[in-house]
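Chemist: Here it is, the structure, as structure tokens.
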Amino acid sequence: MAQRKVVSQRQSELQPVYDFLDMLNPARLRANWNRIGRRAQWTLIISLASLVLIWVVLNLLLLTMRHVRATTGPFLFEALQAPYELSARPVPLPGDETMTVLPAAAGDYALQAENVQIVAPGMPAPVQAAAAEQETAPAPAAANFFVGQCLLNAAQPETETPCTGVAPLYLTSGTYGSGGARLDAAAARFDSAANAREAMKALRQFSGANEAVGNYAVGVGEVDFFYSSTGERYTFTWAHDTWVYTVSGAAFHELEKLVRAFPY
């Protein structure tokens, strides 16, 4: 019996490409689409639409996050940093607490010796002027503005519930003068940096109840600070380590000049 020889025709290497192109033929696609049920058609449509929607939402979220980081992040971070390079300043060392830690001069401003007041443990309450002299005696510098008054009251031994939440171990206040400008300053030392920060939180709340509070950052950096104002008087208060400082004056530009020149 004669055997038939089967000759296999070699398939082209591009055949998969041809098959794919043939599958994309509109007529074939339409026929395949009509071959499946309507329910399956809607399932495919909904699935594809959901995938596209998810892709769009994810890309929008990514673009929004990039925009926020590019425009808000750095400015917010900078806004929380203490101004006037306060974090680079030294901290006064506890010493003879019968002496004021306020510098005798800060830039163009000189400390007025007659206005200096010191309150420390074991020291008597500040001596009040005699009745006949009260009209001419200068008022304590710390009593001339809300934050300073709060610190002054908190430093008094008889104060049971100071507005700072905790009484300072030491307080000194005084008035700085330069030409016709007069600015009041106070410095208070607490027993720990944590208590100084708690005092700053209380001072900001106390100040907010008595005057307008501006920019502030408390509990987010090495130095806490806040601005406050009565409209006629401006105050800047800051805390570094165990110390809280506050400066107040009638002119904001004079206030900034003194704070910039202040050593602590």
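Chemist: Would you mind putting 237-244, 190-197 in packing order, based on average other-beta-carbon counts within 10 Å, highest first?
Modeler: The packing order, highest mean first, is 237-244, 190-197.
Chemist: Arranged from highest to lowest average of other beta-carbon atoms within 10 Å per residue, in what order do the peptides 56-63, 140-147, 162-169 appear?
Modeler: Final packing ranking: 140-147, 162-169, 56-63.
Chemist: In Å², what does the accessible area per residue of the stretch 136-249 work out to with a 1.4 Å probe?
Modeler: 38 Å²
Chemist: Could I have the simple spin-label model distance between Ala88 and Ser50, label points 7 Å from Cα toward Cβ, reported in nm to one decimal?
Modeler: The modelled label-to-label distance comes out at 5.8 nm.
Chemist: Can I ask one more? Taking the Cα-to-Cβ direction at Asn210 and at Val166 and moving 7 Å from each Cα, how far apart do the two end points lie in nm?
Modeler: For Asn210 paired with Val166, the spin-label model returns 2.1 nm.
Chemist: Same structure, new question: How high is the FRET efficiency between Ala105 and Leu63 when r is their beta carbon distance and R₀ equals 51 Å, given to the nearest 0.05?
Modeler: For R0 = 51 Å, the calculated efficiency reads 0.40.
The values are calculated or read from the model by the stated rules, or taken from the named source; none is laboratory data. Every value quoted in this text rests on a predicted model; they were computed, and no experiment measured them. Ideal geometry is used to build each Cβ from the backbone, glycine not excepted, and the neighbour counts take in all protein chains shown. Side chains included, ligands, DNA and RNA excluded: accessible areas come from the protein's heavy atoms. Shrake-Rupley method; radii C 1.70, N 1.55, O 1.52, S 1.80 Å.
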